[in-house]
Amino acid sequence: MLREDLGLTGTKVACGEGHCGACTVLLDGVPTLSCITLVHTVDGRQVTTIEGLRDHPLVHAFVRTDAVQCGFCTPGQIVSAAALVEANPTPSRDEIRHAMSGNLCRCGTYPKIEEAISTWQD
Ligand code: FES
Ligand code: FES
């Protein structure tokens, strides 16, 4: 629905089975795996995709810290990180790792992702 009917191609599909986090969107502010969410269950609720976060400081933090390699996981990473810093603007490394544990990166940019989230307000 997001990618093909609405043209919101920022949200990626990788596993399609709820394992990788590439498809993460915010559903009423809560990170949600869109690939396993039936569209009729979100009727009347607020869905925020990466397009809705294009001006979020986290986007610039990911670029500044070079936290993007192939970039395929990045939209989902930023969506999850946005929910984290909304709830906790200064998360510890452990809090970042816990909050981001559902977002896999096959390029292994985890140290840079942690740096981006740690310094998102800089
Ligand atoms: S595409 Fe992997 S969790 Fe949705
Ligand atoms: S940057 Fe390539 S999968 Fe994360």
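The values are calculated or read from the model by the stated rules, or taken from the named source; none is laboratory data. None of the values given here were measured: they were computed from a predicted structure. Cβ sites come from the backbone with ideal geometry, for glycine too, and all protein chains shown count toward neighbours. Remember, those area values only see protein heavy atoms, side chains included, never the ligands or the DNA or RNA. Shrake-Rupley method; radii C 1.70, N 1.55, O 1.52, S 1.80 Å.
Summary of computed values
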{"read-out": "Per residue solvent-accessible surface (Å²) - the chain, probe of 1.4 Å", "value": "58"}
{"read-out": "Orientation-averaged projected area, Cα convex hull of the chain (nm²)", "value": "7.0"}
{"read-out": "Longest exposed-site-free window of the chain, the sites being GluC sites (Glu not before Pro) in a DSSP loop that have at most 10 other C-beta atoms within 10 Å", "value": "18-122"}
{"read-out": "For the chain, with +1 on Lys and Arg beta carbons and -1 on Asp and Glu, the positive-most of Leu8, Ile113, Thr32 along the dipole", "value": "Ile113"}
{"read-out": "Carbon and sulfur %, accessible surface of region 24-118 computed with the full protein complex present, 1.4 Å", "value": "54"}
{"read-out": "Label-point gap, in nm, between Glu95 and Thr119 - each point 7 angstrom along Cα→Cβ", "value": "2.0"}
{"read-out": "Where labels lie 7 Å past Cα in the beta-carbon direction, separation of His60 and Met1 in nm", "value": "3.4"}
{"read-out": "Student exercise, region 46-111 dipole from Lys, Arg, Asp, Glu Cβ charges, in Debye to nearest 20", "value": "180"}
{"read-out": "Of the trypsin sites (Lys or Arg not before Pro) in region 37-122, those whose Cβ has at most 16 other Cβ within 10 Å and which sit in DSSP loop", "value": "Arg45, Arg54, Arg106"}
{"read-out": "Listed residues His56, Cys70, Met100: farthest to the positive end of the dipole of region 24-118 (Cβ charges)", "value": "Cys70"}
{"read-out": "Computed E for Val42/Glu86 - FRET, C-beta separation, R0 22 angstrom, nearest 0.05", "value": "0.70"}
{"read-out": "Computed lengthening from Cys107 to Ala14, 0.36 nm per intervening residue step minus Cα-Cα distance", "value": "32.1 nm"}
{"read-out": "Alpha-carbon centroid distance for the pair region 71-99 / region 30-69, whole angstrom", "value": "11"}
{"read-out": "Sequence of Thr9, Thr37, Thr24 from largest to smallest accessible area, 1.4 Å probe", "value": "Thr9, Thr37, Thr24"}
{"read-out": "Spin-label pair Glu51/Phe72, simplified geometry with 7 Å Cα→Cβ offset, distance in nm", "value": "2.2"}
